[in-house]
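The values are calculated or read from the model by the stated rules, or taken from the named source; none is laboratory data. None of the values given here were measured: they were computed from a predicted structure. Every residue, glycine as well, gets a Cβ built from its backbone with ideal geometry; the counts of neighbours run over all protein chains shown.
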Amino acid sequence: MSGHVQSGFTMIEILITVLVLSIGLLGLAALQVTGLKESQMAYMRSQAVLLAYDMADRIRANPAAARDGDYSGAPVSSTQDCESVDCDTSQMASYDRNAWLNALAFLPTGTGHVDDGGTPGDGEYTVSVCWDQGRTGVAIATCDPDVALDDAVSVYRLDVAL
């Protein structure tokens with residue numbers, strides 16, 4: 001029998017093990033970062049969906065103003081607080097739109113648009129919510145569906161019928 005017995009790792013074996021382990025840990029870190037990013041994107045989309053349905057509920061709760069077209073077009077600044085005093089249907093629509101646009105500020109550069117398709121009496125609306133999904137700081141001038149938007153802008157549209 002031979003008297004030579006191997007009694008440990010060589011330096012090259014240890015370096016290869018550390019290299020393989022490092023690559024694996026870097027892969028796990030990249031996976032974690034991607035998961036966090038996608039989770040944040042899903043959260044923003046779910047918030048946009050909730051805000052779109054909030055406006056749809058506001059429109060359905062005030063059908064007289066909706067049929068008059070008070071929910072579409074440019075927002076009208078209103079100092080009327082319809083929570084503490086009685087408002088007519090038009091004032092309530094203005095209050096609803098301003099409250100909704102203020103709530104959209106929760107999303108990164110979030111904005112919204114309500115479109116009646118040009119025929120206010122038919123009771124059909126499209127509610128659009130736009131936000132900067134990539135958080136690139138792009139300014140969103142309008143969320144109008146007829147205007148081309150930047151690729152960094154995410155849009156959620158909801159069709160509403162009375």
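The set of residues in the stretch 54-69 being surrounded by fewer than 14 Cβ atoms within 10 Å (Cβ to Cβ) and touching a residue at least 60 places away in the same chain (Cβ under 8 Å) consists of 63 alone.
Among the residues making up the stretch 78-98, those that are free of Cβ contacts under 8 Å to residues at least 24 places away in the same chain, surrounded by 15 or more Cβ atoms within 10 Å (Cβ to Cβ) and out of contact with any Phe, Trp or Tyr (no Cβ under 8 Å at 6 or more places or on another chain) are 91, 95, 98.
In the set (1) at pLDDT below 85; (2) over 14 Å from the mean Cα position of the chain (by Cα); (3) within 30 Å of residue 39 (Cα to Cα), residue 135 fails one condition alone, (2). Restricting the stretch 104-124 to residues that are small (Gly, Ala, Ser) and surrounded by fewer than 17 Cβ atoms within 10 Å (Cβ to Cβ) leaves a set whose member that is farthest from the chain's Cα centre (by Cα) is 121.
Applying the criterion of being over 21 Å from residue 71 (Cβ atoms) and at pLDDT 70 or above to the residues of the stretch 138-150, the residue that is surrounded by the fewest Cβ atoms within 10 Å (Cβ to Cβ) is 139.
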